[in-house]
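Okay, structure first, notes after.
The values are calculated or read from the model by the stated rules, or taken from the named source; none is laboratory data. Note that the coordinates shown come from a computational prediction; the quantities given were computed from them, not determined experimentally. Cβ coordinates were reconstructed from backbone atoms using ideal geometry, including for glycine residues, and neighbour counts include every protein chain displayed.
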Amino acid sequence: MLHFNEIKDCLKKNDISWKENESMVHHTTFRIGGPAAIFLEPWSEQQISEILRILDEKECAPVIIGRGSNLLVNDHGIDGAVLCLGEAFSEVSISEKYAQEGKVVVFAQSGASLTKLCRFCLEQELTGLEFAYGIPGTIGGAVAMNAGAYGGEMKDVVVGVEHLTMGGVKQELSAAQADFSYRHSYYSDHACCITGAYFALEKGDKQAIRRLMDDYMQRRQFKQPLEFPSAGSTFKRPEGNYASALIDQCGLKGRSVGGAQVSEKHAGFVINTGSATAKDVLDLVDVIKKTVKEKTGYALECEIKLI
């Protein structure tokens, strides 16, 4: 049993503020989810470390989120603590660490959005991260899942990652130690709190960088249902095919369960049409997986993290 009063007393003694029963609807791009018993938004690495230490001592493993862009939270909420690393922990700067000949290294705190990082790189005339422009996540989540698009992935540019253990101890991994692969990293298998990442980029032409960023953003706006709440691509890409093509092939575009729907614009997205619950989404995902398996033989795997 979690001792919330003890946790709150410890947080108060350390001058750490929190919110109680905070609706996760406001903290996920799906706009779905019940309340979190304790919701924390730290603004410094020291504060994050202290929070992790307190929660570890009280045996309360936190749910760590950024913008909640790849999450589906249970309708009943989270009977525990949520640690949200967002705008309050989102500095981006040029770094001297991991220096390489012909490269410029940028450090970004884990709460920085990918869009913020890409715009910083544009102003510094640095190329290599254009593919990430418009991906609706933060650095922490993008590194943890090795996010990618349009032929680029985090592993192509990340050279180092800083994190805190669940006990609040600071550690650092090189790119090789981060064990990147398709939608996977060291953090897929180890409970840690990513606090920042280093990116090695090349100098480029500012106008060319801007054109490429604009091109990728226009493609997203044209192909993806950005006008509806969603968690992005619902399924991982199966070997030898594409989830969206398989779903479309099975005639599932527009299929609905409650307020959840397979987007008619892009079959790879399950969207919230306005009143979807987590149960609606899960039931629809089940329909999709069963139908695709029966008709094509492919076993789809969810990319969305279920909490």
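Data for the structure
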item: Residue tally, condition under 13 Å from GLY168 (Cα atoms) and aliphatic (A, V, I, L, M), over the stretch 38-63; result: 6
item: Filter result (surrounded by fewer than 19 Cβ atoms within 10 Å (Cβ to Cβ) and either farther than 18 Å from ARG211 by Cβ or touching a Leu at 6+ places or on another chain (Cβ under 8 Å) (or both)) within the stretch 109-119; result: LYS116
item: The stretch 196-208 residues that are closer than 15 Å to GLU96 by Cβ, paired with ones that are of a type in the set (S, T, N, Q) and at pLDDT 95 or above (beta carbon under 7 Å, 6 or more apart); result: GLY196/GLN109; GLY196/SER110; TYR198/SER95; LEU201/THR127
item: From the options GLY102, GLY80, GLY134, residue that is within 16 Å of MET217 (Cα to Cα), modelled with pLDDT under 95 and of a type in the set (Gly, Ala, Ser); result: GLY134
item: Residue match in the stretch 49-58 (condition: outside any helix (DSSP H, G or I) and modelled with pLDDT under 95); result: yes
item: Out of GLY80, GLY168, sole residue that is in contact (Cβ under 8 Å) with a residue 24 or more places away in the chain and farther than 21 Å from ALA231 by Cβ; result: GLY168
item: Selection count, the stretch 29-46, where residues are touching a Phe, Trp or Tyr at 6+ places or on another chain (Cβ under 9 Å) and either buried (at least 19 other Cβ atoms within 10 Å of the Cβ) or farther than 22 Å from PRO136 by Cα (or both); result: 8
item: The stretch 1-27: number of residues that are among the β-branched types (Val, Ile, Thr) and at pLDDT 95 or above; result: 1
item: Whichever residue in the stretch 84-118 is charged (D, E, K, R) and in contact (Cβ under 8 Å) with a residue 12 or more places away in the chain and, among such residues, is nearest to ILE16 (Cα to Cα); result: GLU87
item: Qualifying residue in the stretch 14-22 (condition: part of a loop (DSSP other than H, G, I, E, B) and of a type in the set (Lys, Arg)); result: no
item: Given (1) touching a Lys or Arg at 6+ places or on another chain (Cβ under 6 Å); (2) free of Cβ contacts under 8 Å to residues at least 60 places away in the same chain, index of the condition ALA36 fails; result: (1)
item: Matching residues in the stretch 212-260 - criterion: being among the aliphatic types (A, V, I, L, M), modelled with pLDDT under 95 and over 21 Å from VAL292 (Cα atoms); result: MET217, LEU226
item: Test: GLU59 is among the charged types (D, E, K, R), out of contact with any helix residue (DSSP H, G or I) (no Cβ under 9 Å at 6 or more places or on another chain) and on the phi > 0 side of the Ramachandran plot; result: yes
item: Set LYS279, LYS295: member being surrounded by fewer than 17 Cβ atoms within 10 Å (Cβ to Cβ), touching a Cys at 6+ places or on another chain (Cβ under 7 Å) and not assigned by TED's automatic domain parsing to the domain that holds ARG31; result: LYS295
